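To start, the structure under review is shown below, and the notes come after it.
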Amino acid sequence: MEMEKARREERMERHGLLIVHTGDGKGKTTAAMGLAVRAWGDGLRVLILQFIKGGWQTGERHAIEVLARAEGRIELRPLGLGFTRKGEKPKEEHKRAAKAALKMAANELQSGRWDMVILDEVNYAVRFGLITEEELGALLERRPPEVHLVCTGRAACPLLLERADLITEMRSLRHPFAAGIKAQKGIEF
Ligand code: ATP
Ligand code: MG
């Protein structure tokens, strides 16, 4: 009871941050997962919605399922249908999936169930035209002030950058793909 009260008071005082991980270097999603684990370890309730990644198994998904089973308060939902190729017109089903994911994000933000919400790869969804900058903007407008919101993906849109409290740009100095080294388990997925 006391603990619940203390937690409620802590929430009232909290200044929810709008955090952006962008840029062309590796580490945007990884850093978001690091934040999720830290926040969860501090007792926060964390929701991760993945916009592009679909149902395939990833290390982070498995790890979060284990945490969820142990104590709850954390959830990862893969809601995407995979990457669409650059220059390719986005498919209607990809658009539908992204719009549904954004709607879910808005509902979950409002629900009072989460202290941190991570929208992984949401920037791609805007970039590829699956959702509009305005639609993302509307979600930012309605964000409850005590909830931390993290948005990842290359090429964050100007509106998001304008609103963000914390922006980190990952800059690529070298990447193994350039040397023909294929994606390594535990590093890439
Ligand atoms: P991670 O999920 O490993 O943190 P990320 O979220 O920063 O990476 P994304 O832009 O979401 O990276 O890209 C997804 C994939 O592209 C990842 O497998 C990542 O390793 C790869 N990638 C990231 N940066 C580069 C780069 N500079 N050159 C080639 N591939 C890259
Ligand atoms: Mg990523």
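The values are calculated or read from the model by the stated rules, or taken from the named source; none is laboratory data. Bear in mind that the values here come from a model prediction, so they are computed numbers and not experimental data. A quick note on method: Cβ atoms are made from the backbone with ideal geometry, for glycine too, and the neighbour counts reach across all protein chains shown. Side chains included, ligands, DNA and RNA excluded: accessible areas come from the protein's heavy atoms. Shrake-Rupley method; radii C 1.70, N 1.55, O 1.52, S 1.80 Å.
Considering Glu146, Glu141, Glu133, Glu121, which residue is under 19 Å from Lys91 (Cβ atoms) and acidic (Asp, Glu)?
Testing whether each residue is under 19 Å from Lys91 (Cβ atoms) and acidic (Asp, Glu) leaves just Glu121.
Looking only at the stretch 151-169, filter to residues that are in a loop (DSSP other than H, G, I, E, B) and open to solvent by 60 Å² or more (accessible area, probe 1.4 Å); which one of those is nearest to ligand 2 (Cβ to nearest atom)? Step through it out loud before you land on a result.
Going through the stretch 151-169, the residues in a loop (DSSP other than H, G, I, E, B) turn out to be 153-157, 164-165.
With the extra rule that they be open to solvent by 60 Å² or more (accessible area, probe 1.4 Å), the set shrinks to 154, 165.
Working: Arg154: 8, Asp165: 20 Å.
Here the answer is Arg154.
Which residue, of Ile118, Ile52, is open to solvent by less than 20 Å² (accessible area, probe 1.4 Å), outside any loop (DSSP other than H, G, I, E, B) and within 15 Å of ligand 1 (Cβ to nearest atom)? Spell out the reasoning first.
Values: Ile52 fails: outside any loop (DSSP other than H, G, I, E, B).
Result of the check over Ile118, Ile52: Ile118.
So which of Val66, Val20, Val46, Val37 ends up being surrounded by 20 or more Cβ atoms within 10 Å (Cβ to Cβ), at pLDDT 85 or above and over 22 Å from Glu141 (Cβ atoms)? Walk me through it before giving the result.
Details: Val66 fails: surrounded by 20 or more Cβ atoms within 10 Å (Cβ to Cβ); Val20 fails: over 22 Å from Glu141 (Cβ atoms); Val37 fails: surrounded by 20 or more Cβ atoms within 10 Å (Cβ to Cβ).
Testing whether each residue is surrounded by 20 or more Cβ atoms within 10 Å (Cβ to Cβ), at pLDDT 85 or above and over 22 Å from Glu141 (Cβ atoms) leaves just Val46.
A quick yes/no check of all residues on (1) among the polar types (S, T, N, Q); (2) outside any strand (DSSP E or B); (3) open to solvent by less than 30 Å² (accessible area, probe 1.4 Å):
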| position | (1), (2), (3) |
| --- | --- |
| Ala101 | no, yes, yes |
| Met104 | no, yes, no |
| Leu109 | no, yes, yes |
| Gly129 | no, yes, no |
| Leu136 | no, yes, yes |
| Leu149 | no, no, yes |
| Arg171 | no, yes, no |
| Ala183 | no, yes, no |
